[in-house]
Structure formats: C-alpha cells, structure tokens
Amino acid sequence: MLYLFCGILSGAILAAICIPLFRKEDTLESAIIEETEWDLLQRKKEVILSNIQDLDFEYKCGKLSEEDYQKIRGEMNAEAALVFQEVENLESSADLDALIRREISARKDRSKTAAATPRTTGPATTIACPSCGSKNPTTNRFCAECGARLKH
C-alpha cells in the first residue's frame, strides 16, 4: 500500500513538472520567440546556397568530375527553386508578417538607391570649413580635417 501511494505521488509530481515543458503557450512572448515558416524557409535557402557555393569550390579544386558536378548541381538547383517558390508563395499570400517584411525590404531598397544616386539639383552636398577651407558633407557638424564646428 505504501509503495502504491509513493508511486502515485511520484507520478503526480513528475507530471506537474513536465506538463509546462510540453504545453504550447499562446502569449505574445511565445509568438515572438517562435520561429515562423518564413524564417525556416530563409534558413533553408541560405543553407542550399551555401551548399552550392561549396560544390562549386570543390569542383574548381578538381575534387569532382564534370558528370558528378553537373548531376549534383542540377539537384541542388531544383531544390533551391522549390524553396524560392515556397518563399514567393508565402510572401504573396495575405499573411501580415510577410506583407510587413516586403514593405521593409522595399523601403530599404528605395533608401539604398536614393543614397547611391547623387543629387544634381537641390541643396549643396558639401560645405566648406570656415577654418581650413576643406570640403565636408553637409551631414557633418564638425570638419573632418581640423575639427572646427561647421556653420549650416
């Protein structure tokens, strides 16, 4: 009788400890920490592209024959195409997270192209230092040559 009681008590304690470990929470913190399908696909894409780079390196080093290289490269390209298609399908869906990622990516691209193209019209892009006369970008507050304060 005592062994039965100890067994039941041990099982209850073990269950009380283990149940929270296997229960999925629907809180905001767990949603933030949880990896999404898009994250998994991005990681898979990075791994496949890395494997293709390694394969190319091995072939250039002479460790693979032309036939083996073409066969393995074709398989990897097909796998990469499937992952790219899955990413595209996920991003083209009405998933809010995917829409946010697309918008952020588009804004980053726009800011990169805006920074890459020099302005020909509009305000001056450089300012002369009043102390030493060197040219500095208008975003600088101090001269890059002498450290004097720039007047804007």
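Lys45 versus Thr125, label points 7 Å from Cα toward the beta carbon: distance in nm?
Reported label-point gap for Lys45 and Thr125 is 3.1 nm.
For Leu21 and Phe5 in one chain, what is 0.36 nm times their gap in residues minus the Cα-Cα distance, to one decimal in nm? The partial results should precede the final answer.
Numbers: separation 16, 0.36 × 16 = 5.76 nm, distance 2.52 nm.
Here the segment from Leu21 to Phe5 would lengthen by 3.2 nm.
Modelling each spin label as a point 7 Å along the Cα-to-Cβ direction, I'd like the Ala12/Cys61 distance in nm, to one decimal.
With each label placed 7 Å out from Cα toward Cβ, I get 6.2 nm.
Coordinate-derived values only; no laboratory data. Keep in mind the model is a prediction, meaning the values are calculated, not measured. Please note: Cβ atoms are built from the backbone with ideal geometry, for glycine as well, and neighbour counts cover all protein chains shown.
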